[in-house]
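The next block holds one structure in the form of structure tokens; read it before the comments.
The values are calculated or read from the model by the stated rules, or taken from the named source; none is laboratory data. Remember, it's a predicted structure, so these values are computed and weren't measured experimentally. Neighbour counts run over all protein chains shown; Cβ positions are idealised from the backbone, glycine included.
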Amino acid sequence: MDSLTYAQLLRRNRSFRRLWIGQVISELGNWFNFIAVLGLVRVVSNAAPEVTTIVLIVRLVPFTMFAPLAGAFVDRWSRRTVMIVTDFLRVVVALGPLLVRRPQDLWIAYVCTALLSLFGTFFEAAKNAAVPNITGERDLLAGNALMFSSRFLLMSLGAALGGWTSAHVGYEAAFVINAASFLASAYSVWLVPDAETRQQPTVDDAAVQPKSRYTGYWTDMREGWSYIVSHAPVATILGTNIIWAVGGGASNLIADRLGALVFAADNGISPDSAVAALYFAAGMGLFLGMMIARRAGAYFQMKQQTIGFIGWSLFAQGIIFGLSGVMPTLWASCLLLMLSRLLLGAEFAVQETLLMRLVPDHLRGRVSTTDRAGEMLIWTFSTGLAGWSLHSITPRTLTVIAGFLSGLSGLMWLVLFSTQAVRLPRRLVHRLEP
């Protein structure tokens, strides 16, 4: 039976709809907040590149450090409760940047950014682990694509609205909107039955699932790492994402520097508006990529070319992203950036679905967050190195280098599978056949 369309999934699956609505509301507030924080620290610090770099790094570090713990935590405890509690905690923290007035106050922006990332790490771990159980196997690709496409659509809209609000109303409004969004998200998640966020164990599962409620989170995390190491397709997905992050990790810094320091002056618009335009283009590309992922994934699955689709999409997005840095105008750069993110969005939805199908439910939270933690660790180093390199090279040159490096992940993927150094398990090959 074919997967439900996005509209059918939202209409028929009430729990998924509620979880999706909660994400939509909080993501809109998140991007309001992100653009506002970047603008605020830029103004307070007189556009010092190291200050922007610090904001981006402290946004990444908590995920890198705590994602494996979050994964083990949500594999043990109520995923619904984790999402609700972290939403309430973020309500308070989201208002913290209202206190930033002088350069001496920048530490407040750093701490609040780090705490929002920390609580968001636990929320994302719980949500990502719950989605396959709420959608079921048949609708998993559609559910993933809709979740991520909505996130990136809200990235576009939130960035655009956040840039406009920051430029015309002030940063304070964005911070208040972000706090209110977490309240609405908590209520929406509260409506989802807790039992639907976790797979009900079967007789066969009893032999492989943990016998006790708690054996120690370090043991749980080690179990997740052991699974990754012993399953080559899973390890390959994680390794590919890490290699992509070597170049892709600089993307947020590139958007801020290209927009505020290069295109704003050339096009006679405010720095916040130029940065927002680049984020809008990236978000719109990711949204469109996610929206076509269901049909693209089904088509390449039917042709038994899912592996090739993932590899070539990763390679092409890197080349196109690099070219966006040498475009003469903001709008031309936005167009290429949107195209590169479209390819990346479609690839990511298909790849993420493949990972969820490979990993059993009782390990999914740990493996998923380990994947993201490894990627974010490299993303953090990439951001720091990129910020340092801007003292020697231009933002345009950095964009070209970053695009080339991120495209190498696709080549590695293609080589490993084409040489049969890595193969999908037989059960999954059979499932992917038409």
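Okay, residues lined up against (1) closer than 20 Å to Thr197 by Cβ; (2) among the basic types (Lys, Arg):
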site: Arg11; (1), (2): no, yes
site: Gly22; (1), (2): yes, no
site: Ser26; (1), (2): yes, no
site: Phe34; (1), (2): no, no
site: Leu40; (1), (2): no, no
site: Ala47; (1), (2): no, no
site: Phe66; (1), (2): no, no
site: Leu69; (1), (2): yes, no
site: Asp75; (1), (2): yes, no
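The rows are residues; the columns are (1) polar (S, T, N, Q); (2) surrounded by fewer than 24 Cβ atoms within 10 Å (Cβ to Cβ); (3) part of a helix (DSSP H, G or I).
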| residue | (1), (2), (3) |
| --- | --- |
| Asn33 | yes, no, yes |
| Leu38 | no, no, yes |
| Asn46 | yes, yes, no |
| Val55 | no, no, yes |
| Thr64 | yes, yes, yes |
| Ala67 | no, no, yes |
| Ile84 | no, yes, yes |
| Val91 | no, yes, yes |
| Cys112 | no, no, yes |
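With respect to the conditions (1) among the hydrophobic types (A, V, I, L, M, F, W, C); (2) within 18 Å of Asn241 (Cα to Cα); (3) surrounded by 24 or more Cβ atoms within 10 Å (Cβ to Cβ), Leu337 falls short on a single one, namely (2). Residues in region 264-279 that are crowded, with 23+ Cβ neighbours inside 10 Å and of a type outside the set (Ser, Thr, Tyr) were compared, and the one that is nearest to Leu337 (Cα to Cα) is Leu278. Say whether the condition of being touching a Gly at 6+ places or on another chain (Cβ under 7 Å), crowded, with 22+ Cβ neighbours inside 10 Å, under 24 Å from Arg294 (Cβ atoms) and not aromatic (Phe, Trp, Tyr) is met by at least one residue in region 390-400. No.
Of the candidates Ser418, Ser368, the single residue that is surrounded by fewer than 17 Cβ atoms within 10 Å (Cβ to Cβ) and over 25 Å from Ala276 (Cα atoms) is Ser418.
Of all residue pairs spaced 6 or more apart or on separate chains, those with beta-carbon atoms under 9 Å, a first member in region 238-267 that is in contact (Cβ under 8 Å) with a residue 60 or more places away in the chain and acidic (Asp, Glu) and a second member that is surrounded by fewer than 23 Cβ atoms within 10 Å (Cβ to Cβ) and not in a helix (DSSP H, G or I) are Asp266/Pro328; Asp266/Thr329.
A quick yes/no check of all residues on (1) in a loop (DSSP other than H, G, I, E, B); (2) among the β-branched types (Val, Ile, Thr); (3) under 21 Å from Thr240 (Cα atoms):
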| position | (1), (2), (3) |
| --- | --- |
| Ala277 | no, no, no |
| Gly289 | no, no, yes |
| Ala296 | no, no, yes |
| Gln304 | yes, no, yes |
| Gly318 | no, no, yes |
| Leu323 | no, no, no |
| Pro328 | yes, no, no |
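The requirement of being assigned to a loop (DSSP other than H, G, I, E, B) and buried (at least 24 other Cβ atoms within 10 Å of the Cβ) is fulfilled somewhere in region 242-257, by at least one residue.
Is it true that Leu339 is modelled with pLDDT of 85 or more and under 22 Å from Gly259 (Cα atoms)? Taking the combined requirement at face value, the residue satisfies it. The residues listed here are Val367, Val415, Val359; of these, the one that is within 19 Å of Gly247 (Cβ to Cβ) and among the hydrophobic types (A, V, I, L, M, F, W, C) is Val415. Here is a check on your reading of the model: is Leu314 under 17 Å from the mean Cα position of the chain (by Cα) and at pLDDT 90 or above? So Leu314 fits the description; yes.
Based on this model, can you work out whether Pro201 counts as more than 22 Å from the chain's Cα centre (by Cα) and at pLDDT below 75? Write out each step before concluding.
Working: more than 22 Å from the chain's Cα centre (by Cα): yes; at pLDDT below 75: yes.
The answer is yes for Pro201.
Residues in region 221-250 that are over 21 Å from the mean Cα position of the chain (by Cα) and small (Gly, Ala, Ser) were compared, and the one that is farthest from Ser418 (Cα to Cα) is Ser226. When Leu60, Leu9 are checked against the criterion of being within 17 Å of the chain's Cα centre (by Cα), of a type outside the set (D, E, K, R), within 27 Å of Ala184 (Cα to Cα) and assigned to a helix (DSSP H, G or I), a single residue qualifies: Leu60. Has region 90-102 got any residue that is closer than 28 Å to Ala346 by Cα and either of a type in the set (Val, Ile, Thr) or modelled with pLDDT of 85 or more (or both)? No, that holds for no residue.
Among the residues of region 270-308 satisfying the criterion of being more than 30 Å from Ala142 (Cα to Cα) and in contact (Cβ under 8 Å) with a residue 60 or more places away in the chain, which is nearest to the chain's Cα centre (by Cα)? Walk me through how you get there before you give the answer.
Of region 270-308, the ones more than 30 Å from Ala142 (Cα to Cα) are 270-275.
Okay, now just the ones that are also in contact (Cβ under 8 Å) with a residue 60 or more places away in the chain, so 270-273, 275.
Details: Ser270: 27, Pro271: 25, Asp272: 22, Ser273: 23, Val275: 19 Å.
Per the stated criteria, the residue is Val275.
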